[in-house]
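These notes are about the structure you will find just below.
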Amino acid sequence: MADTGKQVKRKIIHIDMDAFYASVEQRDFPEYRGKPLVVGGLPEGRGGVVATASYEARKFGIRSAMSSKQALQLCPHALFVRPRFAAYKEVSQKIREIFSRYTDLIEPLSLDEAYLDVSNDKLNIGSAIEIAQQIKDAIKNELNLTASAGVSVNKFVAKIASDIKKPDGLTFIGPSSVESFMESLPIEKFYGVGKVTAGKMKKLGLFTGADLKKLTEEEMTRSFGKAGAFYYRIVRGMDDREVQPHRETKSMGAEDTFAYDLTGQEEMHAELAKIAKTVHDRLLKYQLKGRTITLKIKYSDFRQITRSQSLPNCTDEMEILLSTTKNLLAATDIENSRIRLLGITVSNFLPMPVNNKPPTDQLSLFDI
């Protein structure tokens with residue numbers, strides 16, 4: 001493998017639960033099993049957004065982040081349920097307890113996926129493939145859920161591998177196969193390559209990893225900025241990022257999409273109060289205080305703006321959160337506005353207490 005001789009060969013597993021929210025619902029409620037199930041906002045009124053769809057629903061083209069109304073059009077007989085985040089977090093904790101039997105180097109990405117470094121596993125099993133299979137078996141036998149696993153020498157390849165044989169899959173990409181695997185990969189599969197970047201790449205005649213590999217690092221950087229240097233290394237199988245058990249928390253927030261547009265100041269303030277209370281509770285839970293407060297507004301025409309204010313001192317006080325966001329809202333043209341979403345985020349935190357662990361579970365759009 002080119003330029004990788006000096007790299008430490010780690011044993012990395014990426015575990016990704018299969019249709020997690022929907023699978024938990026189908027496990028807990030037999031009437032949902034075998035049926036197209038959508039977890040997220042309900043399609044009534046203006047509708048919400050799909051958080052997760054069961055595999056039965058995905059056959060109709062329903063995907064995460066799709067509007068619930070569009071999902072209903074694709075599958076008129078689909079069942080829609082609101083998320084139960086307390087239940088998902090409880091299951092997520094049990095999954096992480098299974099992980100911890102094998103290693104302490106666990107980096108959760110959200111409630112339903114995580115990286116594990118098993119280069120030196122607790123049980124001295126030695127084989128990352130065997131560990132991944134044991135984890136999958138434990139999740140199935142103890143929690144009655146399925147997970148897919150990717151096993152490789154770095155995080156990037158392991159994450160892509162976990163998606164290859166979903167659901168209930170296990171894919172191993174060994175050191176000698178990494179470069180050829182990356183060369184065959186469609187550019188859409190590269191982390192960070194969205195529709196816009198993919199379109200730009202295709203206009204340049206770049207359709208696979210092999211095409212990307214033809215460009216020099218300078219050419220990649222010129223075309224794609226800082227991300228270009230990342231793509232240059234990744235396509236050669238070079239990813240030295242470590243599994244980080246405790247990632248630094250950069251921000252904490254919550255937001256809500258409303259069933260109907262908000263048109264009056266009174267109802268906007270009422271919704272802001274609910275969101276501020278959620279953020280306040282999270283700050284207290286994780287002992288965080290921040291100096292910058294940001295208000296997010298999405299209008300009925302999907303136009304989106306953010307407004308921020310940095311305070312003289314860090315805070316976690318509900319009254320300051322609410323008064324600051326009300327002032328930020330007042331500085332916009334609310335009299336002639338129809339608002340479909342409001343969000344509050346706090347950032348620029350004080351250093352965290354030495355023995356405190358930052359949050360690693362995903363803060364969802366649907367938490368309110």
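Could you tell me whether any residue of the range 115-132 is hydrophobic (A, V, I, L, M, F, W, C), closer than 16 Å to PHE20 by Cα and assigned by TED's automatic domain parsing to the domain that holds ASP163? No: the range 115-132 contains no residue that is hydrophobic (A, V, I, L, M, F, W, C), closer than 16 Å to PHE20 by Cα and assigned by TED's automatic domain parsing to the domain that holds ASP163. Residue check: MET201 meets all listed conditions (1) buried (at least 17 other Cβ atoms within 10 Å of the Cβ); (2) within 23 Å of the chain's Cα centre (by Cα); (3) not assigned by TED's automatic domain parsing to the domain that holds PHE99 but one, namely (2). Residue-level analysis places ILE135 among those that are in contact with a Lys or Arg (Cβ under 9 Å, 6 or more places away or on another chain) and among the aliphatic types (A, V, I, L, M).
The condition (being at pLDDT 90 or above, surrounded by fewer than 17 Cβ atoms within 10 Å (Cβ to Cβ) and either over 26 Å from GLY40 (Cβ atoms) or not aliphatic (A, V, I, L, M) (or both)) is satisfied by just one residue among SER251, SER323, SER347: SER323. If the condition is being without any contact (Cβ under 8 Å) to a residue 40 or more places away in the chain, among the aliphatic types (A, V, I, L, M) and farther than 20 Å from LEU328 by Cβ, then the range 241-299 contributes only LEU284.
Would you point out the residue of the range 74-90, among those that are surrounded by 15 or more Cβ atoms within 10 Å (Cβ to Cβ) and more than 16 Å from TYR32 (Cβ to Cβ), that is farthest from the chain's Cα centre (by Cα)? So, considering only residues that are surrounded by 15 or more Cβ atoms within 10 Å (Cβ to Cβ) and more than 16 Å from TYR32 (Cβ to Cβ), the one farthest from the chain's Cα centre (by Cα) is LEU74. Looking across LEU116, LEU109, one residue alone is touching a Leu at 6+ places or on another chain (Cβ under 7 Å), within 11 Å of HIS14 (Cα to Cα) and among the hydrophobic types (A, V, I, L, M, F, W, C). It is LEU116. Scanning the range 278-316 for residues that are surrounded by 15 or more Cβ atoms within 10 Å (Cβ to Cβ) and not in a strand (DSSP E or B) yields THR278, VAL279, HIS280, ARG282, LEU283, TYR286, LEU288, LYS289, SER300, ASP316.
The values are calculated or read from the model by the stated rules, or taken from the named source; none is laboratory data. Since this is a predicted model, take the numbers as computed values, not measurements. When we count neighbours, we look across all protein chains shown, and the Cβ atoms used for this are built from the backbone with ideal geometry, even at glycine.
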